[in-house]
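This report refers to the structure that appears directly beneath it.
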Amino acid sequence: MINKFKLINHPVSYTSNEKIGVIHAVGAEQSAVKQMKEALSLMDSSKMLFPYRINAEDNNLEDFNRGLYVYVTNILTKEVYLAKAICDDKVLASDMAKFIVSIEIDLKRLLAHNIRCLAVNSPELCSKLLTSIYVPRQNDDICIEHDYSTQTALGVVPASSIALENSNEFLLVSKLVLGDEASEDNLIENFISLCNAIYNKDGDPEKLKMAEKIVEKLLKNMCSTSEAKMVNFVRERSEDRMFFKNFVYECLDPEQLATKAQVTIYVKKKMKDEAVSKNQGHYRFFTEKGGVHKPLKFGRELSNVYMLMYLIDHVKQPNRKQPINLKVNIEEFKRLYYDLFNGIRDAKDINHIVKEYFHRQDKSGNFRSGRKSEYLDAIRKTMQEQFEEYNESYLPYIMTGSTHLHVPIDKIVFEDDIKEALLGYNFI
Amino acid sequence: MYSSDFATFMKWQRRECANIFNVFFQDTNIITEECIQKELVFLSDLFGLSTPDISFGSDAPLQVELPSSSKDSTTRIKCNICKLQECGFNNKEAVVACLCHELSHIYSLGQSYGYCENEHWEAELYADFMASAIMTMLNAAGGKYRYIIGNGIATRTHPYGEIRQRFAMAGRKFALSMSKGATINLEDIEGEYLLFLLTNTKEINTYLQEHKSEINHAFDSNESLEIDYMKYQDTNLIKQYLLKQKI
Ligand SMILES: [Zn+2]
């Protein structure tokens, strides 16, 4: 039985198609592998993202530990991930089931996010093609306060699906509020007008209140089935190359998105009277769009250093595509760390932190994967949240395990008094 | 042997073999509100949940009201003891199993795996599996509960009794395989549930198709798909609207 279970997703640049979905059981007992095989043969692969197979391996690679490993792809973007579950002692068929389900939950969330990008960035493409799905917002907290009129994920997409799925109720409500304007032939437009009316409180308050309640109920029903529908939608169309080509190009390609980037990132020195921060050190990040400035804080101290390193390097070498190899640049990285946390953190810390970056050992001497993915995830998460507020894509502004930043360099501003110092760093 | 001991013994004997007489006429207890409240506190603790507010005298036997907004985070359970008894949940263990089922829903809130084409069904099977496994681990009689759910009919929200019972039995089987007195680890039960779910999706989805065709058939013979809102209670908003229009 496992008592430690951790799923870590690493984007990897390439793996052959045959490897996708093969679960490598490293160090698992023969009998366990047999059970897993049996279980897999009973599973309905048409309901899963991949046809999984199992492969027993007892080779003990240095960094690897006992556990389950599988390459999976985001079926939309074709990004490849290596998912690992670290297991202790005996691994059971139920552990494998848990592993599969966890991976798929993660991937489905990613897909949900991708489709949100689609809806925001290309509403026409979206409304044309996503007529039968609804995408919930991150926290699923769908209520009537949301602005349905923005023809985005919350407008066009649910409108069509709600209208189509509940045409009877929906038509009644539309007629109630919109009068004879509402007809069966333009359900989707009705829905948007209806939501606008509710949102702007435009009409008879009693009727609106009634309509609001019904719409809210319909929306809630949609929410409960949204994710499965969405995944089915993507699965059914995953052969539609043109759609996905357009989709990936217009909505998810960071290079393409960078050409439309609106947000500027500022790096400033902390104000004299500002309290020192253990995580941010002496510098502060800000984002700005249309005159609105927002502080950008990453929860992990190394995420801050990491981001700063990428920003500096991007300004100096805007054409670099590959990520920075930290092993080669370790001394320069430490120097930046000292600079950022001078007098705040003990200089000794960095050696330990850097060591844990690649891999680490637990108390019983087992290797665990390093914290690199945690730092990257912290950046991705913070950026995503903040950029959603701007209604902008964060993709050009983050690095991944295999890519550098894509943001145009005029969108990166180092304040004058630190500019020279920062540009003095050289990463190879 | 004292008579009360004998009763206990008989009850213990019947614990897994439920039949209609057992369920409705023998092996019954008087259930009090206090008793339910006490069990609810114990079980919420087991699930690591804060104890839901409970109120008595609802329309349905047992009903969970999830927090309606992010501001209000209280979960409410509404309970009608008479109705519970009418369904056959008329002794303490059966009611505990029911509470366990509802708490499983709360525990897994928002988690949907999407392998069964109907997510409501999936959630029900999860709750049945969990409740049954936990009852077994608590060494409490779950037979009556399994009997009752096993006799339910299929609806949009609830699967055929047959599948529900099968999931409940699988939960029990897993719990029996654990060593006696082992601590209840919900994650392990969940893992086992997932395995059972994944290896049974084909069948569940076949049942679902069957249910859908049943519904279609029922509608076919009825000719019209129109919903008769006049049948609904006066609080129904669409009915209110329709009535207003008529005037
Ligand atoms: Zn239920």
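Here's the yes/no breakdown for (1) part of a helix (DSSP H, G or I); (2) surrounded by 13 or more Cβ atoms within 10 Å (Cβ to Cβ); (3) modelled with pLDDT of 75 or more:
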{"site": "A:Leu176", "(1), (2), (3)": "yes, yes, yes"}
{"site": "A:Asn186", "(1), (2), (3)": "yes, yes, no"}
{"site": "A:Lys213", "(1), (2), (3)": "yes, yes, yes"}
{"site": "A:Thr225", "(1), (2), (3)": "yes, yes, no"}
{"site": "A:Val234", "(1), (2), (3)": "yes, yes, no"}
{"site": "A:Val248", "(1), (2), (3)": "yes, yes, no"}
{"site": "A:Cys251", "(1), (2), (3)": "yes, yes, no"}
{"site": "A:Leu257", "(1), (2), (3)": "yes, yes, yes"}
{"site": "A:Phe285", "(1), (2), (3)": "no, yes, yes"}
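B:Asn205 meets the conditions (1) surrounded by fewer than 23 Cβ atoms within 10 Å (Cβ to Cβ); (2) away from the ligand (no atom under 12 Å from the Cβ); (3) farther than 21 Å from A:Lys47 by Cα in every case but one. The failed one is (3). Is there a residue in the range B:56-79 that is in a helix (DSSP H, G or I), within 16 Å of the ligand (Cβ to nearest atom) and either crowded, with 18+ Cβ neighbours inside 10 Å or on the phi < 0 side of the Ramachandran plot (or both)? Checked against the condition, which is being in a helix (DSSP H, G or I), within 16 Å of the ligand (Cβ to nearest atom) and either crowded, with 18+ Cβ neighbours inside 10 Å or on the phi < 0 side of the Ramachandran plot (or both), the range B:56-79 yields no hits at all. Considering (1) over 14 Å from B:Tyr107 (Cα atoms); (2) in contact with a strand residue (DSSP E or B) (Cβ under 7 Å, 6 or more places away or on another chain), the lone condition that B:Glu65 does not fulfil carries the number (1). Screening B:Tyr115 with (1) away from the ligand (no atom under 13 Å from the Cβ); (2) within 14 Å of another protein chain (Cβ to nearest Cβ); (3) at pLDDT below 85 gives one miss only, at (3).
Taking B:Ser108 as the residue in question, decide whether it is within 14 Å of chain A (Cβ to nearest Cβ) and away from the ligand (no atom under 14 Å from the Cβ). Here the answer is no, as B:Ser108 does not meet what is asked.
Scanning the range B:118-132 for residues that are free of Cβ contacts under 8 Å to residues at least 60 places away in the same chain and either within 12 Å of the ligand (Cβ to nearest atom) or farther than 14 Å from B:Gln165 by Cβ (or both) yields B:Glu119, B:His120, B:Ala123, B:Glu124, B:Ala127, B:Asp128, B:Ala131. Within the range A:293-318, the set of residues being without any contact (Cβ under 8 Å) to a residue 40 or more places away in the chain and either touching a Lys or Arg at 6+ places or on another chain (Cβ under 7 Å) or among the β-branched types (Val, Ile, Thr) (or both) comprises A:Pro295, A:Val305. The residue that is surrounded by the most Cβ atoms within 10 Å (Cβ to Cβ), counting only those in the range B:136-156 that are hydrophobic (A, V, I, L, M, F, W, C) and within 15 Å of the ligand (Cβ to nearest atom), is B:Ile149.
The set of residues from the range B:157-168 being among the charged types (D, E, K, R), without any contact (Cβ under 8 Å) to a residue 40 or more places away in the chain and within 14 Å of the ligand (Cβ to nearest atom) is empty. Filtered by the rule that a residue be polar (S, T, N, Q) and not in a loop (DSSP other than H, G, I, E, B), the range B:80-117 gives B:Gln85, B:Ser104.
Name the single residue, out of those in the range B:89-112 being among the polar types (S, T, N, Q) and under 14 Å from the mean Cα position of the chain (by Cα), that is surrounded by the fewest Cβ atoms within 10 Å (Cβ to Cβ). Going through the qualifying residues, I end up with B:Ser108.
Looking at the structure I just gave you, is B:Leu46 within 13 Å of the ligand (Cβ to nearest atom) and farther than 23 Å from B:Lys202 by Cα? Answer is no for this residue. Condition check for A:His359 on (1) at pLDDT 75 or above; (2) within 18 Å of A:Tyr306 (Cα to Cα): one failure, at (1). When B:Leu103 is tested against (1) away from chain A (no Cβ under 14 Å); (2) within 15 Å of the ligand (Cβ to nearest atom); (3) modelled with pLDDT under 85, just one condition goes unmet, and that condition is (3). Figure legend. Inter-residue proximity from the range B:104-115: first residues closer than 15 Å to A:Ile105 by Cα, second residues away from the ligand (no atom under 14 Å from the Cβ) and part of a loop (DSSP other than H, G, I, E, B), beta-carbon distance below 7 Å, spacing 6+ or different chains. Indicated pairs: B:Gly110/A:Asp140.
Flag: B:Leu84 matches the condition of being in contact with a strand residue (DSSP E or B) (Cβ under 7 Å, 6 or more places away or on another chain) and of a type outside the set (D, E, K, R).
The values are calculated or read from the model by the stated rules, or taken from the named source; none is laboratory data. Predicted, not measured: the structure shown is a model, and the values here were computed from it. Please note: Cβ atoms are built from the backbone with ideal geometry, for glycine as well, and neighbour counts cover all protein chains shown.
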